[in-house]
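Accompanying notes for the structure given below.
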Amino acid sequence: MEFGPHLILAMLEGLVQASVLTLTALGLSLVFGVMRVVNVAHGEFFMLGAVFAYAITDWLTGSAAVGFLAALIIAPLLVAALAVVCDRMILRRLDYDPERTIVATIGILYVLQQVTLMTYGPDAHPVTPPFNQRLAIPWFEFTDTGLEFYFPWGLSTTSYKLFVIAAACVAGLGIWILMARSKLGLILRATQLDRETAQAFGIPVERVYAFVFGLGAAIAALGAVLVVPIQQAHYLMGGDPLLLSFIVVIIGGLGSLRGTVVAAILIGMSNGVISVFFTPTLAKILATLLVAFVLVYRPAGLFGTKVA
Amino acid sequence: MVAVSLLSTQSVSRHFGGLIAVQNVDFDLPKGEIRALIGPNGAGKTTFVSMLCGRIPVSSGRIMFQGQDVTQLPAHKRIQQGMAYTFQITSIFAELSVYENVALAVQPRLSNAINKLAQEVETALTRVGLQAYSERTAGDMAYGHQRLLEVAMGLGQSPQLLILDEPTQGLSDAEVDDFITLIKEVAETTTVLLIEHNINVVMALADRITVMNFGEIIAEGSPEEIRQNDAVQTAYLGG
Amino acid sequence: MSRELSLHLSLITLLFALHFILPEYHHGNLARVMVLAVYAMAYNVMFGYTGLLSLGHAMFFCAGMYGMGLSMRLYEISAGPAFVIGLGVSAVFALLIGLLALRTIGVGFMIVTLMFSQAIFLTILYFNPITRGDEGFVIPQAARQIADIDLSDSGNRYFAALILFSICLLAVLKLVRAPTGRVLIAIRENEERAKMLGYDIWAHKLGAVVMSGTMAGAAGAAYGLLFGTVGASFAEVPFSILPLLYVLLGGPGTVIGPFVGTLFMFYLRDLSSALTDAHMLVAGVVLILLTLYARRGIMGLIREKWLKWLP
């Protein structure tokens, strides 16, 4: 394949990855923004979304579309419930102290991951997408007769992948409406700005925290359900999304949802492109070093507030 | 006898974004004096003093200490040069023993004579009357005693300049009296700069008083002069 | 002799005596535990005493391990000098990381160390032809000799581990009882106050990072030399979490704590691996319980309740 079509293919793949990454990173960013804690187990909530989706579609024999729809609704809810339990039983008892929370969430990471290993097993299992039409993409070239379109072999996408992109946009929009335009969003933003004052105004901060933690996990799980027909569910699949979400949230600026979205698109796209043209490992090396140096020299990231 | 200037500032200012906390302050503190720095809340006293000891940088101006320009010198180096600072909000090593707290203060100047450490700690603690508490965990003590520990740590450094930021806040009357006696004794060997709200303490101790309001010095002079100064009355009583 | 010193010397003597008593399986385990305990002690210097929580200590361990291993594999340098090279590499590496990472604090520091460590792991994978990546490589038995002493022999190996452990144990004891050690504790307890007593905070922290990194590198180089393996798994995130776990369990800010924690967790995982493949599960559960209920760890609790003089 020539460079042009190859680039388009890479960008499309990147866009799919960026869509999922946007959701995953938004979950992490929301939790940090409102609660000021870093949840290292975030990747495991993502993984559980995929694993639950597999379990649900596997259990609901019948049309793939119905199974998938059920998974899309139920899996995030299950993950959210689990997250709320973690918050109540562990994080709240630590009074959300930043360093202790990170250590505790590392523990939660291993518990979730290893219990999944023990029950779901070490193998990867696929989930059938609800629809999967191959769509060829045209490319152009200049010939004697002018601009001509043709369909390069190999340059295609699927209807499902386009659906993922669309679904992520809808979900992102939904989150934006929630945060910027609803009363609930107002409560969340108030708690984020000043916990004590919010409490003085009668906002039940602890319940807000539990809700936010659950919501953050649910959004990540939603991203996982969307990606699992493309990717397969595996107990270790939380590692990369966690790393990439970290990268996105730090570069976009901790606490800024807008920065998160912008950074997710940039990083998802470039990660996809570099992975296609070079190797995934090199892409990851560059990404991790980028985060490290951003934290060292520009801790505010692109949009956000300082990390203490 | 001409008084030697220990600490002086020229046009020192500090602003935070649009807010001007300290504005063009010229300040001079001769060696051997007890100077009180007073003024209403928000006058800029703590900001000014934080710039003197290096906790925050100046926005503009110069600070001279012992004849040297220390404006760019980091805080720990100024302390090494002979400044000591006690915090407005008590800041001790709460989980460590009283002994350890003072030992940390004394240690840097004893590099060749580290075996004298215990003796020096004992001396500092005795001067403030805390020698019996040596093994206690610092954070477990009563607030007044913690304030005294801070002073002991300041004394333990054997400084040229001792800066005390609201040292008598939270002390009982008896403790305040003891404190006054202590500082008078300390001032025989050390220059003292004292931020205080307690006027009795100020009048009992200060050789001279500097009054700040709205980030500027509005008056400076002997206790008598300040007591009769109209501008000071207005600042405190709101005219 | 002070009781502090006699306590630690007794431990060393006990470990010496155990060589003659222990059956082979436990004998081999204890050699491994001692090397890992050096890794944990290194972590303790930064975390337990100075209050710097790194999530990437595996990179220092690997700097030593690969510095030593690659010298032997690529340049056929003999074991003794290779060990020294491993030490040198980890010291320089720790200095570089310290210069960068110490520009951040708290949560930022944790993430930066995590990121650098991940980058090192990925780099080891990327240069697969040289490092043999995930698979790693073996250091042949014939090469693992110093002054004609065969280090693959279980007896020699045990004593080599014991020597390294003893040196590091006593070095840490000396550090924490010296004025510098007191300053590190002060920085952990109240950094602003320590600064206002005239201490150069940054220089002390950098010193702690370099000492910690070099000691971790020594553990890495020793591990490779004594057990013959060099591999990328020692650069992965779980291996950075382990010393945190060992120190938290054994008692952060105590000299003996890291050894106690390593011994405990090693056997806990050993026992649990008979039941399930999921050996990090125990690590996860213990971490959660420790953070919630027992932040002082075993030796920390003992110190608080009974042995107040314990360093």
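For the reader, a short list of remarks on this structure follows.
- Count of residues meeting criterion [part of a loop (DSSP other than H, G, I, E, B) and surrounded by fewer than 16 Cβ atoms within 10 Å (Cβ to Cβ)] in region B:193-239: 7
- At least 2 residues being surrounded by 24 or more Cβ atoms within 10 Å (Cβ to Cβ) and away from every other protein chain (no Cβ under 14 Å) is the threshold, and among the helices (runs of 4 or more DSSP H) wholly inside region C:186-300 those reaching it are C:201-227, C:257-272.
- Residue C:99 vs. criteria within 10 Å of chain A (Cβ to nearest Cβ), assigned to a helix (DSSP H, G or I) and surrounded by fewer than 23 Cβ atoms within 10 Å (Cβ to Cβ): yes
- Condition met for residue C:83 (touching a Pro at 6+ places or on another chain (Cβ under 8 Å) and within 21 Å of residue C:171 (Cβ to Cβ)): no
- Of all the criteria given as (1) buried (at least 20 other Cβ atoms within 10 Å of the Cβ); (2) modelled with pLDDT of 95 or more; (3) within 14 Å of chain B (Cβ to nearest Cβ), the one not satisfied by residue C:176 is (2).
- Taking the numbered list (1) over 21 Å from residue B:176 (Cα atoms); (2) at pLDDT below 90; (3) at the interface with another protein chain (Cβ under 10 Å from one of its Cβ atoms) in turn, residue B:113 passes all entries but (3).
- Every condition in (1) assigned to a loop (DSSP other than H, G, I, E, B); (2) touching a strand residue (DSSP E or B) at 6+ places or on another chain (Cβ under 7 Å); (3) of a type outside the set (Gly, Ala, Ser) holds for residue C:156 except the one numbered (1).
- Conditions (1) of a type in the set (A, V, I, L, M, F, W, C); (2) without any contact (Cβ under 8 Å) to a residue 24 or more places away in the chain; (3) touching a Phe, Trp or Tyr at 6+ places or on another chain (Cβ under 9 Å): number failed by residue C:237: (2)
- Which numbered condition residue A:55 misses (of (1) modelled with pLDDT of 90 or more; (2) assigned to a loop (DSSP other than H, G, I, E, B)): (2)
- Residues of region B:11-27 satisfying the condition of being surrounded by 16 or more Cβ atoms within 10 Å (Cβ to Cβ) and of a type outside the set (D, E, K, R): B:12, B:13, B:20, B:21, B:22, B:23, B:25, B:27
- Selected residue (only one of C:84, C:45, C:38 is of a type in the set (A, V, I, L, M, F, W, C), touching a helix residue (DSSP H, G or I) at 6+ places or on another chain (Cβ under 9 Å), without any contact (Cβ under 8 Å) to a residue 24 or more places away in the chain and assigned to a helix (DSSP H, G or I)): C:84
- Here region B:40-60 is the region considered, the condition is being hydrophobic (A, V, I, L, M, F, W, C) and without any contact (Cβ under 8 Å) to a residue 60 or more places away in the chain, and the residue that is nearest to the other protein chains (Cβ to nearest Cβ) is B:56.
- Taken over region A:115-135, the criterion of being more than 14 Å from chain C (Cβ to nearest Cβ) and in contact with a strand residue (DSSP E or B) (Cβ under 9 Å, 6 or more places away or on another chain) is satisfied by A:124, A:125, A:126, A:127, A:129, A:131, A:132, A:133, A:134, A:135.
- When the residues of region A:97-129 are filtered to those that are small (Gly, Ala, Ser) and assigned to a helix (DSSP H, G or I), the one that is surrounded by the fewest Cβ atoms within 10 Å (Cβ to Cβ) is A:107.
- Of all residue pairs spaced 6 or more apart or on separate chains, those with beta-carbon atoms under 8 Å, a first member in region C:146-167 that is among the charged types (D, E, K, R) and a second member that is not in a helix (DSSP H, G or I) are C:150/C:144; C:157/C:151.
- Picking from residues in region B:3-26 that are of a type in the set (Val, Ile, Thr) and assigned to a strand (DSSP E or B), the one that is farthest from residue B:78 (Cα to Cα) is B:20.
- Yes/no for residue A:112 being within 11 Å of chain C (Cβ to nearest Cβ) and closer than 20 Å to residue A:225 by Cβ: yes
- Qualifying residue in region C:106-124 (condition: in a helix (DSSP H, G or I), closer than 30 Å to residue C:160 by Cα and among the aromatic types (Phe, Trp, Tyr)): yes
- Region A:57-109, subset free of Cβ contacts under 8 Å to residues at least 12 places away in the same chain and hydrophobic (A, V, I, L, M, F, W, C), residue farthest from the other protein chains (Cβ to nearest Cβ): A:66
- Residues that are surrounded by 17 or more Cβ atoms within 10 Å (Cβ to Cβ) and not in a helix (DSSP H, G or I) were ranked within region C:125-137; the one that is nearest to the other protein chains (Cβ to nearest Cβ) is C:132.
- Any hit, region A:136-155, residues being more than 14 Å from chain C (Cβ to nearest Cβ) and modelled with pLDDT of 90 or more: no
- Residue in region B:128-136 that is away from every other protein chain (no Cβ under 12 Å), without any contact (Cβ under 8 Å) to a residue 40 or more places away in the chain, under 28 Å from residue B:13 (Cβ atoms) and touching a helix residue (DSSP H, G or I) at 6+ places or on another chain (Cβ under 9 Å) present: no
- A Cβ distance below 8 Å, combined with a sequence gap of six or more or placement on separate chains, defines the contacts here; from region A:110-135, residues that are under 17 Å from residue A:53 (Cα atoms) reach residues that are part of a strand (DSSP E or B) and modelled with pLDDT of 85 or more in the pairs A:120/A:233; A:124/A:233; A:125/A:233; A:126/A:233; A:127/A:233.
- Against the numbered list (1) within 13 Å of chain C (Cβ to nearest Cβ); (2) crowded, with 21+ Cβ neighbours inside 10 Å; (3) farther than 14 Å from residue C:112 by Cα, residue A:278 comes up short only at (2).
The values are calculated or read from the model by the stated rules, or taken from the named source; none is laboratory data. Not measured: the values here are computed from a predicted model. Glycine gets a Cβ as well: all are built from the backbone with ideal geometry, and neighbour counts include every protein chain shown.
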